[in-house]
Amino acid sequence: MRKNIVAGNWKMNKNLQEGIELAKELQAALNGKTVKCDVVICTPFIHLASVNAVIDGKTVRLGAENCADKVSGAYTGEVSAAMLASTGAQYVILGHSERRAYYGETNAILKEKVKLALENNLIPIFCIGEVLEEREAGKQNEVVKTQIEESLFDLSTEDFGKIVLAYEPVWAIGTGKTATPAQAQEIHAYIRSILAAKYGQAVANDTSILYGGSANAGNAKELFSNPDVDGGLIGGAALKVETFLPIVEAF
């Protein structure tokens with residue numbers, strides 16, 4: 001049975017002290033509550049160890065926002081998957097549209113990152129999605145298929161079973177355009193069909209596919225009610241407990 005997951009991506013926000021306070025607030029807000037999803041907070045690298053000390057790792061789980069595509073060595077400024085694991089992180093976001101667009105991360109680079117994350121027992125939240133020009137040209141299916149095939153389809157069935165996917169309609173982020181719940185369901189179902197063709201229906205059914213297109217308190221319930229939408233990768237709304245909690249409670 002696949003998991004419902006709501007993951008907060010803090011991006012490059014909050015200094016260390018603010019991050020610790022936000023994590024403490026979220027943990028306190030969830031203590032004693034019964035929620036029907038796993039809650040993950042993905043923080044900047046410098047926050048990981050400190051945030052890990054103030055969450056319980058069960059009600060609130062810890063994730064990173066990226067990792068290096070190398071094991072170790074003379075790569076100034078990079079942070080390895082092994083380093084992330086040593087902080088207590090359980091998840092890592094890979095292939096976010098911002099990493100692809102601003103830092104030139106290719107499907108080949110991401111393939112290496114996924115491999116290293118899995119070797120260090122981290123669960124990749126692997127992001128896929130098309131930009132506006134690709135959506136307008138009707139190429140969204142082709143784009144996400146290529147992203148999945150070139151980065152993930154060399155994995156064994158066992159290793160693929162550890163992956164969480166996050167679909168980001170890049171065209172709907174900051175453009176004033178909005179992906180409808182029906183559009184989200186349509187492409188999530190298509191993604192699941194690709195997985196079924198490669199790994200079989202059982203693996204496809206067990207893979208969590210999150211929606212990463214500006215989910216908020218107002219639309220989360222409708223989005224999550226779709227049969228192939230298993231939660232959200234949340235950006236801005238994850239930076240305050242009062243905006244993040246209603247998304248968690250949408251399940």
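The values are calculated or read from the model by the stated rules, or taken from the named source; none is laboratory data. Please read all numbers here as calculations on a predicted model, not as lab measurements. As a convention, Cβ positions derive from the backbone with ideal geometry for all residues, glycine included, and neighbour counts pool all protein chains shown.
Residue by residue through region 152-174, note down the ones that are crowded, with 18+ Cβ neighbours inside 10 Å and assigned to a loop (DSSP other than H, G, I, E, B).
Selection gives 155, 163, 168, 169, 173.
Here is a list: 148, 191, 187. Which entry is among the aliphatic types (A, V, I, L, M), part of a helix (DSSP H, G or I) and under 20 Å from residue 122 (Cβ atoms)?
148
Inspect region 135-143 for any residue being under 29 Å from residue 39 (Cβ atoms), surrounded by fewer than 20 Cβ atoms within 10 Å (Cβ to Cβ) and among the aliphatic types (A, V, I, L, M) and give the result as yes or no.
Checked region 135-143: no residue is under 29 Å from residue 39 (Cβ atoms), surrounded by fewer than 20 Cβ atoms within 10 Å (Cβ to Cβ) and among the aliphatic types (A, V, I, L, M).
Taking residue 126 as meeting all but one of (1) among the aromatic types (Phe, Trp, Tyr); (2) outside any strand (DSSP E or B); (3) touching a residue at least 24 places away in the same chain (Cβ under 8 Å), write down the number of the exception.
Unmet condition: (2).
For region 131-173, how many residues are small (Gly, Ala, Ser) and farther than 17 Å from residue 187 by Cβ?
Here is the first cut: in region 131-173, the ones small (Gly, Ala, Ser) are 137-138, 151, 156, 161, 166, 172.
From what is left, the residues that are farther than 17 Å from residue 187 by Cβ are 151, 156, 161.
Matching residues across region 131-173 total 3.
Are any residues in region 99-122 surrounded by fewer than 19 Cβ atoms within 10 Å (Cβ to Cβ) and under 17 Å from residue 212 (Cα atoms), and if so, which ones?
Result: 99, 101.
Quick one: what pairs do we get from region 134-152, first residue of a type in the set (Ser, Thr, Tyr) and at pLDDT 95 or above, second assigned to a helix (DSSP H, G or I) and surrounded by fewer than 17 Cβ atoms within 10 Å (Cβ to Cβ), C-beta under 7 Å, 6+ apart or different chains?
151/107
Return the pair list, or none, for Cβ contacts closer than 8 Å from residues in region 206-218 that are within 19 Å of residue 162 (Cβ to Cβ) to residues that are at pLDDT below 90, at least 6 apart or on different chains.
The qualifying pairs are 206/1.
For region 123-133, does any single residue satisfy the condition of being surrounded by fewer than 18 Cβ atoms within 10 Å (Cβ to Cβ) and either among the acidic types (Asp, Glu) or modelled with pLDDT of 95 or more (or both)?
Taking region 123-133 as the starting set, the residues that turn out to be surrounded by fewer than 18 Cβ atoms within 10 Å (Cβ to Cβ) are 132-133.
Those still in the list that are either among the acidic types (Asp, Glu) or modelled with pLDDT of 95 or more (or both) too: 133.
Yes, that holds for at least one residue.
Which one is nearest to residue 149 (Cα to Cα), of the residues in region 85-98 that are touching a helix residue (DSSP H, G or I) at 6+ places or on another chain (Cβ under 7 Å) and surrounded by 23 or more Cβ atoms within 10 Å (Cβ to Cβ)?
Taking the candidates together, the pick is 95.
Give me a count of the residues in region 205-229 that are in a loop (DSSP other than H, G, I, E, B), at pLDDT 95 or above, of a type outside the set (D, E, K, R) and surrounded by fewer than 23 Cβ atoms within 10 Å (Cβ to Cβ).
The total comes to 5.
Among the residues of region 185-197, is any surrounded by fewer than 20 Cβ atoms within 10 Å (Cβ to Cβ) and touching a Lys or Arg at 6+ places or on another chain (Cβ under 6 Å)?
Looking through region 185-197, at least one residue is surrounded by fewer than 20 Cβ atoms within 10 Å (Cβ to Cβ) and touching a Lys or Arg at 6+ places or on another chain (Cβ under 6 Å).
Residue by residue, here is whether (1) among the charged types (D, E, K, R); (2) under 19 Å from the mean Cα position of the chain (by Cα) holds:
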| position | (1), (2) |
| --- | --- |
| 131 | no, yes |
| 135 | yes, no |
| 151 | no, yes |
| 154 | yes, no |
| 158 | yes, no |
| 162 | yes, yes |
| 165 | no, yes |
| 168 | yes, yes |
| 173 | no, yes |
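Do any residues in region 59-73 that are surrounded by fewer than 16 Cβ atoms within 10 Å (Cβ to Cβ) have Cβ atoms under 6 Å from those of residues that are assigned to a loop (DSSP other than H, G, I, E, B), where the two are at least six apart or on different chains, and which pairs are they?
Filtered contacts from region 59-73: 72/80.
Among the residues that make up region 164-171, is at least one of them at pLDDT below 95, more than 25 Å from residue 114 (Cβ to Cβ) and either in contact with a strand residue (DSSP E or B) (Cβ under 8 Å, 6 or more places away or on another chain) or of a type outside the set (Phe, Trp, Tyr) (or both)?
no
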